[in-house]
Amino acid sequence: MDLYVTLRHSPNCFVNLPLKIAHTLAQRNESTQLILELKWYDKANKEDKYAFVGWSGGSSSSMGNNHHHHHNDSLEMSQEMAQCLGLVEGQMIRLKAASASAVQKATTVEVEPVTSDDWEILEVHAEYLEEQLLNQINVVSSGQIIPIWIHQKIVIHLRVIDVTPKSSSSSSSNQPSAVKLSNDSEIIVAPKPRNIPSSSSSSSSRSYNSLLPRHLYIQQESSLVDSDNNGLLSSTTVYISLNAMKEYEWNQGDIVEISQIKSKDQLPSILQSSSESTDAEDNQQQQQQQGQQQQQPIIKRKCIYARVYSSQEVVGKLIVKSDQHIIVGKNLRYLLQLNVNTQIKVRILPSHSIPICPISGVQIKQVVWRNSPLEFAPKPPRISLLPPQLLHQVVKEWSHIYLKENNKDNQQQPKAMVPLVNGSIITIPPIKNYSTNSIDIQFHFNQQQQQQQMSSQQQQQGGGNRQMHPQQRQNNQELLNVIGNVLSNQIDNLVDQPNPQQQQQQQSSQSSQQNQYQLIHGVFMINDEIFNQDRMIISFEKNDGSKLEPLEDYVDISDRLFDRIGGMDKLIDQAKDYLSLLVRKDYGMLRNQLNAPGNGGVLITGSHGSGKSMLASALAGYYVHLDESLTFVVRLNCQLLKETKVERIRQTLTPIFTRAYLSKPSIIILEDLDIILPNPNEQDPGSKIRCLQISNYIKKLIGVCRDRNAPIVLIATSQSIQSLYKDFQTPDVMGLTLEIQPPSRDDRADIFFKLLKRLDLQVEDDNEKVALGRFASSLEGYLGCDIERLIERVIYLNRSNSNNNNNPQQSTVTLKGMHLAKEGYTPISLKGVKLHQSDAGKWNDIGGLKDGPELLNKYIGSSEQGVRDIFSRASSASPCVLFFDEFDSIAPRRGHDSTGVTDRVVNQFLTELDGVEGLAGVYVLAATSRPDLIDPALLRPGRLDKSLYCNIPERDERLEIITILANKMRIDEESQNSLAELADTSEGYTGADLRAIMYNSQLKSIHELMHKKEQEKKEKREKEENDKQLGGGVAGVGGESILGNNIVIFENIENNNNNNSRMTNEQRNKLIQKIDEIKTTFGQQIDDENNNRNNNNNSNGNNEQPIIKKIHFEESFKQSSPSVPPSERTRYEKIYKNFLKERGSVTGTKKEGMKQTLA
């Protein structure tokens, strides 16, 4: 089909077909991104030309610039694309669909920028181009020049050097070899620096293989520490195996670029689509932060640079685990936030393509690290901040020793300049001349110039037509010439005659772009001379108290955390057996034979403080460190997502799984998963829908990441099995559930022993383990976190005693000190629990935990959860008695409740009483007045199998009850003798009735005494009023006058001859002093009189205690009546007789060590 070329403005390389053709293809369901072959005759060269273009579904919508051709026979394309192909407006071409053999799927495409300007723009916007390339072009051919749009404004041109695979039809014709781009295609860009001739470029000596980017896994640098005695090996160099160095055709000391793998080519579609919104939000947050903190630019690095060596080039034990691993120091990894076992992209940089930036100033500051965000990671050592002057001398001495190129004594340091970037951190070893410890310093380059540029921009925004200083413009232009930028050319093409103000803004924008380039891509080469040149501006700043957040890297935990965990040996073995089958590489063949899934999960449940997070961290650290697994670990604390929207939870989970997918085998830790995925409330449909959406999304992420050779494993924690969404606990998601039970006596002793050993403490006893066992017996209800707090209290008491006695700090603890530390501490599992210690001597070691019908809850599952929580707490506080009052109200016969709540509570009681594992030291008591209403299943042997019938007391029993109550009261002798009469006359009274009689009698005696004292006070007041009327004056205490001889008259004796003269200051001070003495003396006299009066009142019997007399008992008995009438009593007796007859034997047997129940 012959068509005419029509040019249009469009920021892509796709073409638009005539409307009729586009409509026909749409009806045939032809897929978009169709590849088309163009053929036309080149009159200048007198030959046929061929090209391949892509069609994305668009149709010609206008006649273009040539009005002679209608859009029904025109092929639209962008003007830039037409120029690259050599087409002009109105040129006739022949169009046909490309065959599958002519255009194959591309594996690799090698391109190079047409100009140095294109290369520099490409370097700045490499990430954007990587994400948007397929949105602009889908087919390329060898030798073709293609235009690429950056943010739809700037156009760069790339020349296609070679493509793989090559089409078979291209060899037999003049057609170029074309390939179709896809997510799996790898684009290789050859650098093209400014002002370097291609003939002398070192890239010509570089092979195609050496320029290929490599995907390697980061190896921990623990083996590097022994070899690193100058701080540079772990800060500026990386190491690979010698075989990899030969395979990649790299040289020792080459500079490599290290970056994160952000290409979406390797990601499933769900991770690609969801990560875009997350990146947009991160960019928006970064812009907000930059707006708030304009004085200090935020460095968001894209890549880092280092020199690469093989492990054999370093003296010491430095072993790279495989050809797919690379050793990267922690200081380097910090710049890109790279954890151990992360997969990264590494590519070699020829010497001419290194983005070296000039150095106009260096700021050096000592680094202080925060504690690791991982709770169980070791804390950084304490360091002292050096003054700027001393820091200057230390750094200068270090540079002279380790940065000097011709230092023959140090064979480890290569004879080359050290590549640094903005924010690089270097560890300086101890310097003997200054007696300093190892410190970390951070480099910032050209910060002063950036601040000047920033202030200049602010002045331009606020100053309107204010001109830039000529010297400043010259400095900025020199910097542009060194690094190179094409923004000025782009702007000049858009504006024909810019005015001076526009030129000023252009130069400011260009300089800002260069500063951003330096922050993100710039490399600064330093050596020993840089610290000795006068022209360099080196400033040493004092740390203002700010600290850097270290990496959240589980390699810091390693396998050492297992030495801190006590009482979980069985759980650890179960978890290792399950996880090893999934993540160990040497078990890959076994996984294939067993047809094991490519994913798995471990659910760890337990109460707060039981050690869930510690166990999860220990397992993660173990498999990060294990050579047979080398897993990548990423963690998410779900507490941060509490009460957030489902969409935000999805956006948070997606990058977590993306990082795990790119570096698998991986472990994802989801702490407190039940916060965002709880068991929904049946009464709230919204919560069920929310949980279903989150659960399905996580399952979908797990499904797309499934890989048997490199699986992804979940480790989730929750408060209990019941608190987590049940549909999520399927075997394909959570294959193993570990429930952390409260530690037993032996477990508590084991925890205590391991924690003391970790702190290098011992117990002052001949047999330490026996002593700890005895003390652990008194720690009922203590969890692992409680024992840690207890040890902290013991250490604090030890230090306090050592300081008070001026004794050195001891490395031993005593049982007495541990018991003192225990006083006043409440275990976390018993906080808020009504714990009662019995007063009976024979029950001193048994506590009582009481609960009643308040267990019932209208929400489904809440009542059963309450029963489970009570038994769990009782187990934590064992030995313990569980007492349920009004038991018939919470455990009636099943089937009599229309709601079904009590039926589920009864079922839960049966489950707890018949538990697979016996709860040693837990005793269950229940009280009821209607045993016939209790479900019979609870009364069978092995459950509540013993019954005690508390009948109404007989005469002797009533006398015993009255006597016990009377012993706690003040009763006269006559009333003591009348207790037997009260027992005789109170037939039918219960124990509660008798107690009410005794209490009422006591109240009557108290009221009588109070009435007597009121009468005495009334008589006393009347007597005082009579004395006042007879004596005349102010009545005092006891009828005495308050005045009288206590009146003091002051006379000015010295000035008695002149009464009108004023007092001097000396006389006034003496007078004030005299008044104060009199007031003090008078106050003491009043206090003495009040004390004497109180003593007289006490001696006169004013502290009289109420005494219960016989008349009080008689009056109280007359006003009372039995709480159980005779008719009701007869009915209860029939109920109890029938209950005992139906039940049969009321005695039961139970083995010791199991739960004992009593009803």
- Query: Out of all the residues in region 981-1007, which are surrounded by 15 or more Cβ atoms within 10 Å (Cβ to Cβ) and either charged (D, E, K, R) or in contact with a strand residue (DSSP E or B) (Cβ under 7 Å, 6 or more places away or on another chain) (or both)?
  - Reply: Asp993, Arg995, Ser1001, Gln1002, Lys1004, Ser1005
- Item | Identity of the residue in region 379-405, in contact with a strand residue (DSSP E or B) (Cβ under 8 Å, 6 or more places away or on another chain) and part of a loop (DSSP other than H, G, I, E, B), that ends up modelled with the lowest pLDDT | Leu403
- Would you pick out the residues in region 71-101 that are of a type in the set (Gly, Ala, Ser) and surrounded by fewer than 18 Cβ atoms within 10 Å (Cβ to Cβ)? Gly86, Gly90, Ala97, Ser99, Ala100, Ser101
- Look at Lys688 and say whether it is touching a Ser or Thr at 6+ places or on another chain (Cβ under 9 Å), surrounded by fewer than 20 Cβ atoms within 10 Å (Cβ to Cβ), assigned by TED's automatic domain parsing to the domain that holds Phe632 and part of a helix (DSSP H, G or I). no
- Message: I'd like to verify a number: residues in region 758-787 that are part of a helix (DSSP H, G or I), without any contact (Cβ under 8 Å) to a residue 60 or more places away in the chain and among the charged types (D, E, K, R), how many?
- Response: 3
- Message: Name the single residue that is nearest to Ser372 (Cα to Cα) among those in region 528-551 being touching a strand residue (DSSP E or B) at 6+ places or on another chain (Cβ under 7 Å) and modelled with pLDDT of 75 or more.
- Response: Pro550
- Restricting region 193-205 to residues that are assigned to a loop (DSSP other than H, G, I, E, B) and crowded, with 18+ Cβ neighbours inside 10 Å, which is modelled with the highest pLDDT? Pro193
- Message: Against the definition (part of a helix (DSSP H, G or I) and either modelled with pLDDT of 95 or more or touching a Ser or Thr at 6+ places or on another chain (Cβ under 7 Å) (or both)), how does Thr717 come out, yes or no?
- Response: no
- Task: List every residue pair whose Cβ atoms sit under 8 Å apart, with the two residues 6 or more apart in sequence or on different chains, where the first one lies in region 964-976 and is closer than 8 Å to Ile1107 by Cβ and the second, anywhere, is loosely packed, with under 12 Cβ neighbours inside 10 Å.
- Result: Arg970/Gln1105
- Note on the structure: Residue pairs within 9 Å by beta carbon, gap of at least six or interchain, first lying in region 5-30 and assigned by TED's automatic domain parsing to the domain that holds Leu85, second among the basic types (Lys, Arg), listed first then second, are Pro11/Lys153; Asn16/Arg8
- Query: Does Thr342 qualify as being within 27 Å of the chain's Cα centre (by Cα) and either of a type in the set (A, V, I, L, M) or at pLDDT below 90 (or both)?
  - Reply: no
- Item | Condition met for Asn422 (at pLDDT 85 or above, surrounded by fewer than 14 Cβ atoms within 10 Å (Cβ to Cβ) and in a loop (DSSP other than H, G, I, E, B)) | no
- Message: Residues to consider are Ile572, Ile604; find the one that is among the aliphatic types (A, V, I, L, M), surrounded by fewer than 20 Cβ atoms within 10 Å (Cβ to Cβ) and either in a strand (DSSP E or B) or touching a residue at least 40 places away in the same chain (Cβ under 8 Å) (or both).
- Response: Ile572
- Message: Between a residue in region 993-1005 that is over 11 Å from Glu1115 (Cβ atoms) and any residue that is in a helix (DSSP H, G or I) and charged (D, E, K, R), which pairs come within a Cβ distance under 7 Å, given they are 6 or more apart or on different chains?
- Response: Leu994/Arg958
- Query: Among Arg560, Arg564, which is within 24 Å of the chain's Cα centre (by Cα) and surrounded by fewer than 17 Cβ atoms within 10 Å (Cβ to Cβ)?
  - Reply: Arg560
- Task: Please tell me if Ser372 is touching a helix residue (DSSP H, G or I) at 6+ places or on another chain (Cβ under 9 Å) and either at pLDDT below 75 or crowded, with 20+ Cβ neighbours inside 10 Å (or both).
- Result: no
- Query: Which number in (1) among the small types (Gly, Ala, Ser); (2) over 30 Å from Ile656 (Cα atoms); (3) crowded, with 16+ Cβ neighbours inside 10 Å marks the one condition that Ala710 misses?
  - Reply: (2)
- Message: Checking the structure you have, find out if any residue of region 115-137 is assigned by TED's automatic domain parsing to the domain that holds Gly57 and part of a strand (DSSP E or B).
- Response: no
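The values are calculated or read from the model by the stated rules, or taken from the named source; none is laboratory data. Everything numeric in this text was worked out from a predicted model, so none of it was measured. We place every Cβ from the backbone using ideal geometry, glycine too, and count neighbours over all the protein chains shown.
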